[in-house]
Structure formats: structure tokens, C-alpha cells
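Derivation of every value follows stated rules applied to the coordinates shown; laboratory data play no part. In this text, all values refer to a predicted model and were calculated from it rather than measured experimentally. FYI the Cβ positions are ideal-geometry reconstructions off the backbone, even for glycines, and counts take in every protein chain you see.
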Amino acid sequence: MPPFSVIELPWVDPWTAVQVWKVAPWVALLDSGGTPAALPGDERARWSFLCVEPSETLVSSRDGVIRNGRPVAGNAWHHLQDMHARLQPVEHTDFPFGGGLVGLASYAAGMALEGVMSRHRAETPDILAASYETVFAFDRLERRCFRAGKANLPLLPDESVLTPSASARVHFQPDMDREQWVSAVREVVRLIGEGDIFQANLTLRWQADAPSDFDDLAVYGLLRQGSPAPFGAFLRGLCGRNADRPFSLLSASVERFLSLSREGVVETRPIKGTAPLGRDATETLRLVEQLRRDEKENAENLMITDLMRNDIGRVCDIGSVSVPQLCEVEPFAHVQHLVSCVRGRLKSGLDAFDLLRATLPPGSVTGAPKKRAMEIIDQVELSARGTYCGSVFRIGTDGAMDSSVVIRSVERCDDRLRIGVGGGITWLSDPAREYDEMRLKGEALLKVFGA
């Protein structure tokens with residue numbers, strides 16, 4: 001094995017580069033948007049990372065833990081920490097991630113951490129992760145490309161690999177119709193009125209059979225073109241009782257869950273509150289002001305911001321937690337959101353795994369109080385969330401981490417496809433409006449499949 005090195009390569013778009021591993025069983029593309037215009041000048045939309053040929057893999061489900069293709073005893077989180085510890089520290093690079101662990105923690109994994117039992121049976125992995133010692137880093141702002149690691153892997157495919165994406169015609173069925181959704185919203189509002197909770201994030205799933213010729217990477221290409229996002233991700237691994245069935249996650253997430261710097265600074269950016277974009281600049285400005293003044297949307301964001309303050313406060317130094325941004329409107333590809341920011345400093349002796357275990361599942365997709373909201377969610381929703389509302393994360397050998405909330409996503413587990421969409425419910429929620437907002441979020445995903 002050659003020594004660790006960082007080599008600058010001729011610029012290649014990450015979408016072009018990933019075609020080399022079009023059929024590889026394990027690949028991770030952490031993708032900061034389909035177009036440079038996704039968030040102009042925003043650091044979150046700058047870097048993309050392509051991780052290939054892992055040195056170790058892990059799949060954890062209700063059937064047990066499989067590491068490197070073999071069943072093993074023990075807790076999946078302990079295996080993750082051991083996998084990370086076995087990686088040789090890389091030299092400091094000028095980009096945020098030069099190798100480490102890339103993984104996915106499902107919503108069910110977060111439920112287990114909070115001690116909540118689900119009545120639904122999930123088919124997807126609870127945790128899926130891989131150790132990567134070779135990473136391609138793409139600076140989309142300066143159009144520079146680097147290979148970091150020990151392996152002399154190719155980057156530019158020959159033209160025969162590049163096939164144009166076509167529309168993927170798949171017929172999805174929702175697990176709740178409009179009447180059921182409105183009824184579920186009313187039940188959540190009733191429980192809020194009784195003082196059971198303050199807020200809950202209600203979601204539904206569209207499901208379909210995956211066609212025999214389903215091309216997950218081509219579909220992700222359509223998704224990233226139509227919904228460029230700062231925390232996009234394409235992950236491919238394995239699922240099933242013996243971790244021998246195809247699994248992939250296609251995410252166009254706009255939401256950072258947690259970041260952790262080399263110096264121990266924690267940041268989370270909860271999103272709550274949604275409005276459409278206008279047809280022109282004047283209408284967009286009007287909608288921005290309307291969202292900014294919306295009592296229900298602001299209440300929704302404030303409660304989740306407070307929840308995230310409490311969550312990261314479990315593992316941060318006392319007095320270090322602050323809220324430098326509260327309920328600011330940020331534009332994205334199809335909608336605009338209210339976004340807040342919470343920061344703190346991780347306690348000495350703790351690491352990224354401690355931070356994840358203290359905060360999963362993300363507060364913006366649960367509710368407040370968190371545990372009771374999760375119990376109610378499980379009562380009123382009609383299917384398991386799977387990986388939806390979990391988190392995709394990368395943890396470098398230097399201990400730094402970044403992660404996203406799995407929303408705006410397509411999940412493929414064996415022969416089933418699932419799309420999840422939802423929204424926050426408060427005392428001020430109007431059930432019909434909540435249904436329309438949920439459909440607005442799901443529209444871009446369904447359009448990928450011709451719906």
C-alpha cells in the first residue's frame with residue numbers, strides 16, 4: 001500500500017466521477033448540490049466528497065450486526081468507534097474531509113437511543129457505515145479536485161460509462177390519503193391541546209416496487225438536477241437479514257443536523273417553517289415577509305431550536321451553548337425555510353459518537369418534548385420511517401464531523417422504494433394547510449418518477 005498522499009487532479013464534476021463506480025457495492029457521494037447556484041457563496045454548497053473501496057463495512061439491523069460480511073457480537077456503536085480507531089490518522093488537508101467513517105443512522109436507531117419501541121417493522125438497516133481511506137474531494141467554488149489517501153484509484157471514466165439519465169417511471173402509493181392525513185393532524189393537535197406535547201413532526205411514506213432495471217445512480221442524477229441541495233447524498237450498501245440485498249439512499253437534504261470542528265465546536269441548524277418561492281422577485285419578497293411574521297411557523301421553529309439547545313447541552317460545556325441565528329429565512333431550490341443555528345463546545349473527553357448518541361434522532365423531525373412526541377408519532381403514523389428522518393454523517397480521522405437530516409429522500413431496500421415527506425404540527429396548525437405544505441415538499445421527489 002502506498003503512503004498517504006494528496007494529489008490535485010484535473011477538474012472533474014463529482015457526478016461525472018461517480019460513474020466510475022456505477023455498479024460498485026459500496027460507494028458514498030456526499031454531494032453539495034446539483035448546480036453551483038444552489039446556494040451561491042455558501043460554504044455549505046462548496047465541497048463534495050466521493051468515497052470508494054472501503055477498508056471496513058458495517059450493517060446493523062434488528063437481526064444483528066454484520067461487520068465486513070460476517071456476523072459479530074456487540075453493540076453497533078462500539079463497532080463504529082472501533083472502526084474509526086483503526087483508521088490511520090491522515091495528514092492535515094486544506095479541505096474538510098480526507099478520509100474516515102461515512103455512515104447512516106436510521107430513525108429507528110435514534111428511537112432505540114431514546115428508549116422508544118415502535119409498533120412498525122422496519123426492513124432497512126438501523127446503522128450502515130464504511131471506513132474509507134481514499135477520498136476524492138471536489139471544490140465546486142474554485143473547480144479544483146483532489147485525491148486523498150493511499151490508493152492510486154482512477155477518477156475520470158471512459159465515455160462508454162457515461163449514460164444519459166432518463167425519466168424513471170414508477171407508480172408510488174401513499175400510506176395515508178388526504179382524509180387520513182387530516183385526521184392524524186387533528187389527533188396531534190388534540191393531544192397538544194391536552195398538554196401532552198407542544199409539537200410533533202408528522203410524516204407519511206410513498207411506497208412502490210422497484211423495477212427490475214432500477215438504476216439508483218441515474219435516479220439520483222435526476223434528483224440532484226431537480227433539487228440541488230447543500231447536503232445531498234448518494235449511499236450504496238447492503239440490507240437484509242444477511243446483509244446481502246441491495247440498499248441505496250438518494251437524499252436531497254437541505255438541513256444540517258450536526259457539525260463538529262477539529263477544535264470541538266458543535267453546530268446544528270434546525271429547519272422548521274416552509275413557504276413556496278414566488279414567481280418573481282416581488283412575490284418572493286412578499287412571501288419572505290409573510291413567512292418571517294407567521295406565528296405558527298415561528299412557534300414551530302422556536303420549539304425545535306430550544307429542543308436542540310437541550311440535546312447538545314447534554315454533551316457541551318455548561319454556558320457554551322448559544323443561538324447566533326434565530327428564524328432567518330433561507331431560499332432553497334423549490335421552497336424557502338425558517339432556519340436557526342445553535343452552537344456549543346463539546347465537553348473534553350467526548351467525541352462525535354457521543355454527540356450523535358446524545359442527539360439522535362434529529363429534533364426537527366421528532367417534536368417536543370422529544371420522547372413523548374416520538375411515542376405519539378409512532379401511534380398515528382402508519383408505517384416505519386426507515387432511514388427517513390435519520391442522519392447521514394461523516395467523521396474524519398481528526399474527529400471532525402458533519403451530518404445531515406435525511407429528508408427529501410428516496411430509499412431503496414431490496415425490491416422496495418420509499419419516499420418520506422412530513423411537517424411540524426403545532427396547536428396553530430390548520431390540517432388542510434399542513435397537507436398542502438407536505439405535498440409541496442414531496443412534489444420535487446415525485447416528479448423524478450413522472451408523478
Would you mind classifying region 270-389 by shape? Square roots of the alpha carbon gyration tensor eigenvalues, ordered a ≥ b ≥ c; an a/c under 1.5 is rounded, otherwise it is prolate if a/b is larger than b/c and oblate if not. oblate
Does region 201-338 come out rounded, prolate or oblate by the C-alpha gyration tensor, with a ≥ b ≥ c the root eigenvalues, rounded set by a/c under 1.5 and, if not, prolate when a/b is larger than b/c and oblate if not? oblate
Please give the peptides 18-29, 217-228, 319-330 ranked by average Cβ packing (other Cβ atoms within 10 Å per residue), highest first, as a rough proxy for protection. 217-228, 18-29, 319-330
Any idea what the dipole of the chain comes to, in debye rounded to 20, about its Cα centre with Lys/Arg Cβ at +1 and Asp/Glu Cβ at -1? 360
Would you mind counting up the charge near residue 300? Only other residues with Cβ under 12 Å from its Cβ, with Lys and Arg at +1 and Asp and Glu at -1. -4
Amide H contacts under 5 Å for residue 63, restricted to residues at least 5 apart in sequence or on another chain and with H modeled in the peptide plane, are none
First measure r as the distance between the Cβ atoms of residue 285 and residue 183, then evaluate 1/(1 + (r/R0)^6) with R0 = 60 Å and state the FRET efficiency to the nearest 0.05. 0.95
List the residues, sorted by chain then number, that are 5 or more residues from residue 327 or on another chain and whose placed amide H is less than 5 Å from its amide H. 339, 340, 341
A correct Karplus calculation of ³J(HN,Hα) over region 353-358, with 6.51 cos²θ - 1.76 cosθ + 1.60, θ = phi - 60°, whole Hz and x for Gly and Pro, returns 5, 4, 5, 5, 5, 7
Give the peptides 403-411, 377-385, 248-256 in descending order of average Cβ contacts within 10 Å, highest first. 403-411, 248-256, 377-385
Determine, for each peptide in 238-246, 7-15, 70-78, 366-374, the mean count of other beta carbons within 10 angstrom over its residues, then list the peptides with the highest first. 366-374, 238-246, 7-15, 70-78
Given contacts defined as C-alpha pairs under 8 Å and at least six residues apart, what's the relative contact order of the chain, whole-number percent? 23
Amide H contacts under 5 Å for residue 336, placed H, 5+ residues apart: 275, 277
If each of residue 82 and residue 153 carries a label point 7 Å out from its Cα toward its Cβ, how far apart are those two points in nm? 2.4
What does the charge count around residue 424 come to, taking other residues whose C-beta lies under 10 Å from its C-beta (Lys +1, Arg +1, Asp -1, Glu -1)? -2
How big is the Cα convex hull of the chain in projection, averaged over all directions, in nm²? 20.6
Quick check: residue separation of residue 121 and residue 75 times 0.36 nm, minus the Cα distance between them. What number comes out in nm? 14.5 nm
Dipole magnitude of region 260-349 about its Cα centre, charges +1 at Lys/Arg Cβ and -1 at Asp/Glu Cβ only, in debye to the nearest 20? 300
In nm, give the distance between the simple-model label positions of residue 190 and residue 446, each being 7 Å from the Cα along the Cα-to-Cβ direction. 2.7
